[in-house]
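Peer 1: Below you will find the structure I want to go over with you.
The values are calculated or read from the model by the stated rules, or taken from the named source; none is laboratory data. Keep in mind that what you see is a predicted model, and the values were worked out from it rather than measured. A quick note on method: Cβ atoms are made from the backbone with ideal geometry, for glycine too, and the neighbour counts reach across all protein chains shown. Heavy atoms of the whole protein, side chains included, go into the accessibility calculation; ligands, DNA and RNA do not. Shrake-Rupley method; radii C 1.70, N 1.55, O 1.52, S 1.80 Å.
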Amino acid sequence: MNLFEAASSQSADRHQPLAFRMRPRVLDEYIGQDAIIGKGRLLRRAIQADQLSSVIFYGPPGTGKTTLARVIANTTKRHFSTLNAVLSGVKELRYEIEEAKNRLELFEQRTILFVDEVHRWNKSQQDALLPWVENGTFILIGATTENPFFEVNAALVSRSRIFQLKSLTEIDLKAIALQALRDKSRGYGAFEVSFESGALEHIIDVANGDARSLLNALQLAVETSVEHFPPPENTHIHITSDAAEQSIQRKAVLYDKEGDYHFDVISAFIKSLRGSDPDASLYWLARMVSAGEDPKFIFRRMLISACEDVGLADPNAIVVVSSDAQAFERIGFPEGRFHLTHAALYLATAPKSNSAMAFFDALKGVEEEAQNEVPNHLRDGNRDAKGFGHGQGYLYPHAFQDHWVAQQYLPTSLQGKVYYQPSDQGYEKNIRSEVNRRREEQLESIESDAFVENLTYSPGDKDRERWLSRTTSERGAMLQGIRTTLFSSLTLRRSDRALICNAGHGLLLWEAYRQTPEGLVVAQVQTTAQMQHISHYADSLQSLDKPTIVQAPLEEVLSSLEEGLVFEVILGRNVLTRLTEKLPLLELLNVRLAEQGVLHFAEGVPSEGSRLSDFCPTSLQELLKQAETIIYGGDGNPLSNWKSGDLVGAFAKGGFTAKLEQQDLFENRFITKADITRWLGTSYRWAWESLCVEVDLARVEEELISLVAGRSIRWKHHLAFVEAVHQTNKG
């Protein structure tokens, strides 16, 4: 490029719209979308390592899809090519394919192809991309405002990671506006721009999450607030509220009757009806009506909901909705909106029952029991009652009191099967007891040969029972219960970042890894054996997908992490075993927890679990209890001298608000001679010495070995499950 071309390029840039000029050039200039591009996220790591695979960016206009692609273009060493699906077709694609093949063959340089509005290409055009994405000629970056699972070739989707970009928050938009106002070369930093109170906030509010709309409005407001633009440097430009309002107009309701929003909004409407929220129901109804949705479609969905969600809890629901639908047909808009509202409010406020779903259980029964014949007494006796006896034994209900008699109507193999479960809502509440009572009588009416008796019996085998008890109650089941409890109240997003403290052999690590495929998992382990065990399973993963495993004390791991890297969830088991010494650690964890993040720990509390004295006769029990008052007391071993309640106070000092849930878990624990020797020679011996109690350790050890060693005893573990958030986030 010569001097004239360079000058021409700079001049052209100055005349580009502000939204174009302010596009981020590197990741650190990119604002928003922390869920996919924040520190530690998979996409950020892939861009920084230049190891990007094919991706599709999906989201509303103005959320940064094209901008993110341009950041990648400025970062990668690969050749970056761009096509717009609105302006380009197969001809342009073939040219890019040939160029990419040449670069790969001649220079071993791979190509990233960015296709904007990729959903605008038809199936055959998208198919033309597939072989070259498959063989690695291209790495595809697609951008689309439509759901790629509906609008993009399924084969392309299956070979790409999908990243959904959300509308920007008001905080994001304000940061983008300030960035433009302060940038001297690309924005308005050369001038002193001020706003009347509420003017900038109005632009941000009406932009509604769209950065392009925000910057276009900002440009119009700034450049029309002076007589000639650009004015001299340091000129003061004041934006009035009127100028702000004129620069940005209210956006039309985003709604496409053939696209994603159509299905999303009707889904939100039906779920609001099902959830008995009349306010939300009216909002989503108004959104559909204002966007021109077909009222017949809305009524059709409400007719379904009347039976699926309200059902027999209020049998009148279907009558009301049907009547409103018929009335609307006669009246139409605009007065027909009253009938839409009437039907929606009736459904939203009606009692709910989904007992009609019992049909699908019955359908499953039909598929599984397809060969069952109709019971003889239910068959049609008009044709062959004499020959085959069909219909014999049938009891005519109207001939009995209350027009009902106990008899079986299901095939023999399904007798006693229950499909319909009346709810305790509305009309069904009134019939529930009667339905159940009649079922009980029907069960009593079943022929005795319908029940199968046990044909074998074995006398009790104590050794076998002990083995079964041990295998069904051993430590693995207990650990599985801990993992289930820790994860049960968590809602992890695929892009979340998780820190696993004291990861051990991976109990919590791999569950977090499964749930956050586009996020980040960092696991801290204590020993080389743990590191090797986890690494053995991780070695089969691609380097970008592997969890980060660090063998070091947790304090060191937290201090060594990238500055600014925070986690949406921090998990751990037995992290605070020496609770009285862990306040500095809790403060470090607080710094690494995201603003709306949550910390879940499971901590074993030795002082509230089983003790050796629990399994000894009185003669030894008192002696052991003396030592245990010291071992588990305030001045005892830091591993055991604290209680569950101390956790809440410790977390409060560390800057958290903590909730506590406590459980007792049991395992059949096999006690060895070595266990007894170790316990007596360390903790118990120290405790007796501190009490100045003389004890014949050899005699106590011998007696304990004879009583406990070699036995499987029922050992109680007391667990405290801690859920903690930042103190500023407490409810």
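Peer 1: Out of the residues in the stretch 515-549 that are among the small types (Gly, Ala, Ser) and surrounded by fewer than 16 Cβ atoms within 10 Å (Cβ to Cβ), which is farthest from Arg41 (Cα to Cα)?
Peer 2: Looking at residues that are among the small types (Gly, Ala, Ser) and surrounded by fewer than 16 Cβ atoms within 10 Å (Cβ to Cβ), I get Ala529.
Listed here are the residues, each with its yes/no results for (1) farther than 23 Å from Leu520 by Cα; (2) hydrophobic (A, V, I, L, M, F, W, C); (3) in contact with a Leu (Cβ under 8 Å, 6 or more places away or on another chain).
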| residue | (1), (2), (3) |
| --- | --- |
| Lys39 | no, no, yes |
| Ile47 | no, yes, yes |
| Val55 | no, yes, yes |
| Pro60 | yes, no, yes |
| Ala73 | yes, yes, no |
| Ser81 | yes, no, yes |
| Ala85 | yes, yes, no |
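Peer 1: Moving to a separate point now. When the residues of the stretch 310-358 are filtered to those that are among the charged types (D, E, K, R) and in contact (Cβ under 8 Å) with a residue 12 or more places away in the chain, which remaining residue is most open to solvent (accessible area, probe 1.4 Å)?
Peer 2: This residue is Arg337.
Peer 1: Cβ-Cβ below 6 Å, separation at least six or inter-chain, first residue in the stretch 213-240 and of a type in the set (Asp, Glu), second in a loop (DSSP other than H, G, I, E, B) and open to solvent by 40 Å² or more (accessible area, probe 1.4 Å): which pairs?
Peer 2: Filtered contacts from the stretch 213-240: Glu223/Phe229.
Peer 1: What about Val71, is it exposed (fewer than 15 other Cβ atoms within 10 Å of the Cβ) and over 24 Å from the mean Cα position of the chain (by Cα)?
Peer 2: Taking the combined requirement at face value, the residue does not satisfy it.
Peer 1: How many of the residues in the stretch 297-328 are of a type in the set (A, V, I, L, M, F, W, C) and under 22 Å from His262 (Cβ atoms)?
Peer 2: 10
Peer 1: Does Ala211 satisfy being more than 25 Å from the chain's Cα centre (by Cα), under 18 Å from Ile36 (Cα atoms), crowded, with 20+ Cβ neighbours inside 10 Å and aliphatic (A, V, I, L, M)?
Peer 2: So Ala211 passes the test.
Peer 1: Taking into account only those residues within the stretch 164-173 that are open to solvent by 50 Å² or more (accessible area, probe 1.4 Å) and outside any loop (DSSP other than H, G, I, E, B), which is nearest to Ile36 (Cα to Cα)?
Peer 2: Looking at residues that are open to solvent by 50 Å² or more (accessible area, probe 1.4 Å) and outside any loop (DSSP other than H, G, I, E, B), I get Gln164.
Peer 1: Which numbered condition trips up Ala154, out of (1) modelled with pLDDT of 90 or more; (2) hydrophobic (A, V, I, L, M, F, W, C); (3) surrounded by fewer than 18 Cβ atoms within 10 Å (Cβ to Cβ)?
Peer 2: Result: Ala154 passes all but (1).
Peer 1: I want to confirm something. Restricting to the stretch 30-46 and keeping residues that are part of a helix (DSSP H, G or I) and in contact (Cβ under 8 Å) with a residue 40 or more places away in the chain, which single residue is farthest from Ala73 (Cα to Cα)?
Peer 2: Only one residue tops the list, namely Ala35.
Peer 1: Follow-up question, since we're still on this one. Going by the structure shown, is Ala280 closer than 30 Å to Pro422 by Cβ and more than 27 Å from the chain's Cα centre (by Cα)?
Peer 2: no
Peer 1: Hey, among Ile176, Ile141, which residue is at pLDDT 90 or above, within 22 Å of Ala100 (Cα to Cα) and surrounded by 14 or more Cβ atoms within 10 Å (Cβ to Cβ)?
Peer 2: Just a single option satisfies the conditions, and that option is Ile141.
Peer 1: When the residues of the stretch 7-64 are filtered to those that are among the basic types (Lys, Arg) and either open to solvent by 10 Å² or more (accessible area, probe 1.4 Å) or at pLDDT below 85 (or both), which remaining residue is nearest to Thr144 (Cα to Cα)?
Peer 2: Arg23
Peer 1: A further question follows. So, in the stretch 313-364, of the ones that are of a type in the set (D, E, K, R) and under 18 Å from Arg301 (Cβ atoms), which residue ends up nearest to the chain's Cα centre (by Cα)?
Peer 2: Lys352
For (1) modelled with pLDDT of 80 or more; (2) in contact with a strand residue (DSSP E or B) (Cβ under 8 Å, 6 or more places away or on another chain); (3) open to solvent by 60 Å² or more (accessible area, probe 1.4 Å); (4) over 24 Å from Val591 (Cα atoms), each residue gets a yes or a no:
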| residue | (1), (2), (3), (4) |
| --- | --- |
| Lys653 | yes, no, yes, no |
| Thr682 | yes, no, yes, yes |
| Leu691 | yes, no, yes, yes |
| Val695 | yes, no, no, yes |
| Ala698 | yes, no, yes, yes |
| Ala709 | no, no, no, yes |
| Thr728 | no, no, yes, no |
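Peer 1: For the stretch 551-563, which residues satisfy the criterion of being open to solvent by less than 40 Å² (accessible area, probe 1.4 Å) and within 23 Å of Asp50 (Cα to Cα)?
Peer 2: Within the stretch 551-563, just Leu561 meets the criteria.
Peer 1: Listed residues Ser225, Ser185; which is polar (S, T, N, Q), open to solvent by 20 Å² or more (accessible area, probe 1.4 Å), touching a helix residue (DSSP H, G or I) at 6+ places or on another chain (Cβ under 7 Å) and in a loop (DSSP other than H, G, I, E, B)?
Peer 2: Answer to the check: Ser225.
Peer 1: Is the stretch 119-139 home to any residue that is of a type in the set (A, V, I, L, M), out of contact with any Leu (no Cβ under 7 Å at 6 or more places or on another chain) and under 29 Å from Glu29 (Cβ atoms)?
Peer 2: Within the stretch 119-139 (the criterion being of a type in the set (A, V, I, L, M), out of contact with any Leu (no Cβ under 7 Å at 6 or more places or on another chain) and under 29 Å from Glu29 (Cβ atoms)), the answer is no, since none of the residues qualifies.
Peer 1: Which members of the stretch 564-587 meet the condition of being within 26 Å of the chain's Cα centre (by Cα) and either open to solvent by less than 50 Å² (accessible area, probe 1.4 Å) or of a type outside the set (Lys, Arg) (or both)?
Peer 2: Once the filter is applied, which keeps residues that are within 26 Å of the chain's Cα centre (by Cα) and either open to solvent by less than 50 Å² (accessible area, probe 1.4 Å) or of a type outside the set (Lys, Arg) (or both), the stretch 564-587 yields Gly564, Leu565, Val566, Phe567, Glu568, Val569, Ile570, Leu571, Gly572, Asn574, Val575, Leu586.
Peer 1: From Glu667, Glu694, which residue is in contact with a helix residue (DSSP H, G or I) (Cβ under 7 Å, 6 or more places away or on another chain) and of a type in the set (Asp, Glu)?
Peer 2: Glu667
Peer 1: Just name the residue that is most open to solvent (accessible area, probe 1.4 Å) out of those in the stretch 74-98 that are more than 14 Å from Leu129 (Cα to Cα) and of a type outside the set (S, T, N, Q).
Peer 2: Checked the stretch 74-98; the qualifying residue most open to solvent (accessible area, probe 1.4 Å) is Lys77.
Peer 1: Could you check, for the stretch 352-374, whether at least one of its residues is assigned to a helix (DSSP H, G or I) and at pLDDT 85 or above?
Peer 2: No, there is no match, as no residue in the stretch 352-374 is assigned to a helix (DSSP H, G or I) and at pLDDT 85 or above.
Peer 1: Exactly one condition in (1) within 20 Å of Glu603 (Cα to Cα); (2) outside any helix (DSSP H, G or I); (3) of a type in the set (Val, Ile, Thr) is not met by Thr580; state its number.
Peer 2: Thr580 satisfies all of (1) within 20 Å of Glu603 (Cα to Cα); (2) outside any helix (DSSP H, G or I); (3) of a type in the set (Val, Ile, Thr) except (2).
Peer 1: Next up: Residue by residue through the stretch 103-130, note down the ones that are over 23 Å from Ala73 (Cβ atoms) and open to solvent by 70 Å² or more (accessible area, probe 1.4 Å).
Peer 2: Asn122, Lys123, Ser124 - these are the residues of the stretch 103-130 that are over 23 Å from Ala73 (Cβ atoms) and open to solvent by 70 Å² or more (accessible area, probe 1.4 Å).
Peer 1: Residues that are more than 17 Å from Ser160 (Cβ to Cβ) and assigned to a loop (DSSP other than H, G, I, E, B): does the stretch 90-106 have at least one?
Peer 2: No, the stretch 90-106 has no match at all.
Peer 1: Among Glu556, Glu603, which is the only one that is under 31 Å from the mean Cα position of the chain (by Cα), closer than 30 Å to Ser495 by Cα, in a strand (DSSP E or B) and acidic (Asp, Glu)?
Peer 2: Glu603
Peer 1: Could you give every pair whose Cβ atoms fall below 8 Å, whose first residue belongs to the stretch 104-118 and is farther than 18 Å from Gly64 by Cα, and whose second residue is aliphatic (A, V, I, L, M) and open to solvent by 40 Å² or more (accessible area, probe 1.4 Å), counting only separations of at least 6 or pairs across chains?
Peer 2: Arg110/Leu104; Thr111/Leu104
Peer 1: Can you find a residue that is at pLDDT 85 or above and under 25 Å from Val55 (Cα atoms) anywhere in the stretch 212-224?
Peer 2: yes
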